[in-house]
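Novice: Next up is a structure, given as structure tokens.
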Amino acid sequence: MLNEIEEFHAYTEQPIYKADSKRDTTYMGRFTMDMILDFNGLARVMTILARGYLFADAGENPQDRIDYTRRALCAWCSVPDKEKASPKEDWQFKSDFRELHGEFPKLVDENSVGWFCRHVHNIVQFIKNNPDKVSKAAYGKADAIDKEFDAAWRKKVVQFQVPIFAQGTNGAWVLRFDDVLADALELGPLRDNRIDLPDDVLKRIEELRPEKVPAEVIRTLVAYYIANKPEDSVWVVLPVTNFDAYFGSTMFSKKWLPAIPESIIAREKERIGVARFAPGPAILPDIRHFLLQKLS
């Protein structure tokens, strides 16, 4: 979550499909079942992708790369058409972008299977082939994902293309490529935000940390906050679903995050895999001091 360059590669390179035990979710890559079943967390994934392509050439104006980046997003999202798709069902947008294979061979193949679609079906295949190495819950969902994913994903890919100012309600309250591109332009190039936290902050965290919450979890949250704090707010958006994927377990959202005392981390209620958080009073003065030192 701190090294955005590494995260970009996790969404574009060939994943490793393996698991050493039922608790090992390496075969999922940087995704969770919620991201596949409900498409939670994709806003961050696609914004990381967009930033990677928008700012790939430091000598070029990213405004001039918007159309190129949009095509990259289309390629990554591509899913084959239904065998007997009707023009009415296709509406004015499409989900099959096989023509982009030549430009983005890693993101979509010649049969229109985009990176994400290919990854999901590879996950399903791994689960089916290795029932002894995956959880019972994951195994139980494999058939449904195999049968239903493509149809659900086609609808999402069409929604992604709805213009921001589209008339009617079809484009309301959905994630769109336009939103992703706007966020990417504002956030700028991908960054490696890994930092060494000050000793006084580490000491306070360790004093207050519940035993059942790994130290790495709180340290990562604090470092993520420092890296992403806006100038005009004390709050930072917390992509909870993506943190689950980063730690390879929903233990983060279901067990660890709720157990962190508000003296360390204050947060608002999570909605659709996203929340807002800020340092609690026990570490806030030290964080402010650290931020001031960074600015000076």
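Novice: Kindly establish whether Ala182 is part of a helix (DSSP H, G or I), small (Gly, Ala, Ser) and either in the same structural domain as Met35 (by TED's automatic domain parsing) or modelled with pLDDT of 95 or more (or both).
Specialist: yes
Novice: Consider Ser233 carefully, then state whether it is outside the structural domain of Tyr11 (by TED's automatic domain parsing), in contact with a helix residue (DSSP H, G or I) (Cβ under 8 Å, 6 or more places away or on another chain) and at pLDDT 90 or above. Explain how you work it out, then say what you get.
Specialist: On the way: outside the structural domain of Tyr11 (by TED's automatic domain parsing): yes; in contact with a helix residue (DSSP H, G or I) (Cβ under 8 Å, 6 or more places away or on another chain): no; at pLDDT 90 or above: yes.
Against the criterion (outside the structural domain of Tyr11 (by TED's automatic domain parsing), in contact with a helix residue (DSSP H, G or I) (Cβ under 8 Å, 6 or more places away or on another chain) and at pLDDT 90 or above), Ser233 does not qualify.
Novice: Wholly within segment 1-87, which helices (runs of 4 or more DSSP H) include no fewer than the required count, namely at least 3 residues that are under 20 Å from the mean Cα position of the chain (by Cα) and crowded, with 22+ Cβ neighbours inside 10 Å?
Specialist: 42-54, 66-77
Novice: Shifting gears a bit: Keeping to segment 227-251, report how many residues are in a helix (DSSP H, G or I) and under 12 Å from Phe277 (Cβ atoms).
Specialist: The initial filter retains those residues of segment 227-251 that are in a helix (DSSP H, G or I), namely 227-228, 240-247, 251.
Next cut, under 12 Å from Phe277 (Cβ atoms) only: 228, 240, 243.
Looking only at that region, the number is 3.
Novice: Which residue pairs have Cβ atoms closer than 6 Å, lie 6 or more positions apart in sequence or on different chains, and pair a first residue in segment 32-43 that is more than 17 Å from Val134 (Cα to Cα) with a second residue that is in a loop (DSSP other than H, G, I, E, B) and of a type in the set (Gly, Ala, Ser)?
Specialist: Met35/Gly41; Asn40/Gly273; Gly41/Gly273
Novice: Continuing with the same structure: For segment 101-112: of the residues being surrounded by 20 or more Cβ atoms within 10 Å (Cβ to Cβ) and free of Cβ contacts under 8 Å to residues at least 40 places away in the same chain, which is farthest from Ser135 (Cα to Cα)? Even if it seems obvious, please write down each step before you answer.
Specialist: Here is the first cut: in segment 101-112, the ones surrounded by 20 or more Cβ atoms within 10 Å (Cβ to Cβ) are 104, 107-108, 112.
From what's left, free of Cβ contacts under 8 Å to residues at least 40 places away in the same chain: 104, 108, 112.
Numbers: Phe104: 34, Val108: 30, Ser112: 31 Å.
That would be Phe104.
Novice: Checking the conditions here, which among Pro131, Pro163, Pro189 is more than 19 Å from Asp38 (Cα to Cα) and at pLDDT below 95?
Specialist: When all the criteria are applied, what remains is Pro163.
Novice: Do we have Phe277 as modelled with pLDDT under 90, surrounded by 14 or more Cβ atoms within 10 Å (Cβ to Cβ) and outside the structural domain of Arg23 (by TED's automatic domain parsing) here?
Specialist: Here the answer is no, as Phe277 does not meet what is asked.
Novice: Between Ala223, Ala184, which is among the hydrophobic types (A, V, I, L, M, F, W, C) and closer than 21 Å to Leu257 by Cα? Before the answer, list the steps.
Specialist: Working: Ala184 fails: closer than 21 Å to Leu257 by Cα.
When all the criteria are applied, what remains is Ala223.
Novice: If you go through segment 228-286 one residue at a time, how many are hydroxyl-bearing (Ser, Thr, Tyr) and farther than 27 Å from Ala10 by Cα?
Specialist: Within segment 228-286, residues that are hydroxyl-bearing (Ser, Thr, Tyr) and farther than 27 Å from Ala10 by Cα number 2.
Novice: Identify all residues within segment 219-251 that are more than 22 Å from Leu292 (Cβ to Cβ), surrounded by 19 or more Cβ atoms within 10 Å (Cβ to Cβ) and among the aliphatic types (A, V, I, L, M); write none if there are none.
Specialist: Passing the criteria: Leu238, Val240, Ala245.
Novice: In this structure, does Asp146 turn out to be more than 28 Å from Glu6 (Cα to Cα), among the acidic types (Asp, Glu) and surrounded by 15 or more Cβ atoms within 10 Å (Cβ to Cβ)?
Specialist: The answer is yes for Asp146.
The values are calculated or read from the model by the stated rules, or taken from the named source; none is laboratory data. These figures come from a predicted structure and were not determined experimentally. Every residue, glycine as well, gets a Cβ built from its backbone with ideal geometry; the counts of neighbours run over all protein chains shown.
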